[in-house]
Amino acid sequence: AQTIHQWPVAEIKAVGSPLSLGCTIKGKSSPNLYWYWQATGGTLQQLFYSITVGQVESVVQLNLSASRPKDDQFILSTEKLLLSHSGFYLCAWSLEGGRYEQYFGPGTRLTVL
Amino acid sequence: GDSVTQTEGLVTLTEGLPVMLNCTYQTIYSNPFLFWYVQHLNESPRLLLKSFTDNKRTEHQGFHATLHKSSSSFHLQKSSAQLSDSALYYCALARNNYAQGLTFGLGTRVSVFP
């Protein structure tokens, strides 16, 4: 069975500080991977997607970047956090081909002060 | 481009009454894939229903939806709402560029009261 893990579970950071969020998929090779952001009580905003190692496409950047260093790993980062980065960050995977349902990880709650 | 339009904002209803959340979509693809996700408070979205077959009812956990290509709709229904149905509901459409994943609607928040 596939499992998706995100780290950290929650983070409180200062404006201007760096950030790195991670996502790992186990039990599925070559998944499509996605990063989403959700403001508190808000809608899902897709940020990035990746169909293979080393290849990441941006949908909406929001002063963030993403990388896929391994087949099962997806990283979201920034060098300088803004207040507007606060929210819920979700990683999701789907079967290769992308035309299928996505399965979401448990998410990381980020508070920027 | 692809788009999804849902019932806007907040839907409040009394336990035991029926629920219907509207979802319409736009796509150039003739065989769209549609999904409903549910997100409870402090949780991540979870797949509720999916369909790519025209005029076929799909059901799960008391909810059902039918994809109607003629009207570009995929409305979510339940005959009797429960308190545990209080959540955020998203309708989603698989993008024409498969790799890009899903286009989500803005979400509909449902609050069920006793």
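The values are calculated or read from the model by the stated rules, or taken from the named source; none is laboratory data. Every value quoted in this text rests on a predicted model; they were computed, and no experiment measured them. With ideal geometry, Cβ positions are generated from the backbone for all residues, glycine too; neighbour counts draw on all protein chains shown. Surface areas here come from the heavy atoms of the whole protein model, side chains and all, with no ligands, DNA or RNA. Shrake-Rupley method; radii C 1.70, N 1.55, O 1.52, S 1.80 Å.
Results, tabulated for the structure shown:
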{"read-out": "Given (1) touching a residue at least 12 places away in the same chain (Cβ under 8 Å); (2) in contact with a strand residue (DSSP E or B) (Cβ under 9 Å, 6 or more places away or on another chain), index of the condition A:GLY41 fails", "value": "(1)"}
{"read-out": "Of all residues in region B:10-46 being among the hydroxyl-bearing types (Ser, Thr, Tyr) and open to solvent by less than 70 Å² (accessible area, probe 1.4 Å), the one that is farthest from A:ILE4 (Cα to Cα)", "value": "B:THR14"}
{"read-out": "Filtered residue count, region A:52-71, keeping only those that are open to solvent by 70 Å² or more (accessible area, probe 1.4 Å) and within 11 Å of chain B (Cβ to nearest Cβ)", "value": "2"}
{"read-out": "Residue check for B:LEU93: without any contact (Cβ under 8 Å) to a residue 40 or more places away in the chain, part of a strand (DSSP E or B) and either within 26 Å of A:ILE4 (Cβ to Cβ) or within 12 Å of chain A (Cβ to nearest Cβ) (or both)", "value": "no"}
{"read-out": "Residues located in region B:60-84, provided they are outside any loop (DSSP other than H, G, I, E, B), within 15 Å of B:LEU13 (Cβ to Cβ) and in contact with an Asp or Glu (Cβ under 9 Å, 6 or more places away or on another chain)", "value": "B:PHE63, B:LYS78, B:LEU83"}
{"read-out": "Residues (more than 30 Å from B:THR5 (Cβ to Cβ) and surrounded by fewer than 11 Cβ atoms within 10 Å (Cβ to Cβ)) located in region A:28-43", "value": "A:SER29"}
{"read-out": "Boolean, A:SER20 is more than 29 Å from B:SER3 (Cα to Cα), part of a strand (DSSP E or B) and open to solvent by 50 Å² or more (accessible area, probe 1.4 Å)", "value": "yes"}
{"read-out": "Pair list, Cβ under 7 Å, 6 or more apart: region B:1-20 residue without any contact (Cβ under 8 Å) to a residue 40 or more places away in the chain, other residue open to solvent by less than 70 Å² (accessible area, probe 1.4 Å) and not in a strand (DSSP E or B)", "value": "none"}
{"read-out": "Residue count for region A:23-43, restricted to those that are among the hydroxyl-bearing types (Ser, Thr, Tyr), in a strand (DSSP E or B) and within 12 Å of chain B (Cβ to nearest Cβ)", "value": "2"}
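Matching residues to (1) under 26 Å from A:PRO106 (Cβ atoms); (2) touching a Pro at 6+ places or on another chain (Cβ under 7 Å):
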{"site": "B:LEU10", "(1), (2)": "yes, no"}
{"site": "B:GLU15", "(1), (2)": "no, yes"}
{"site": "B:PRO18", "(1), (2)": "no, no"}
{"site": "B:THR27", "(1), (2)": "no, no"}
{"site": "B:PRO32", "(1), (2)": "no, no"}
{"site": "B:ARG46", "(1), (2)": "yes, no"}
{"site": "B:LEU76", "(1), (2)": "yes, no"}
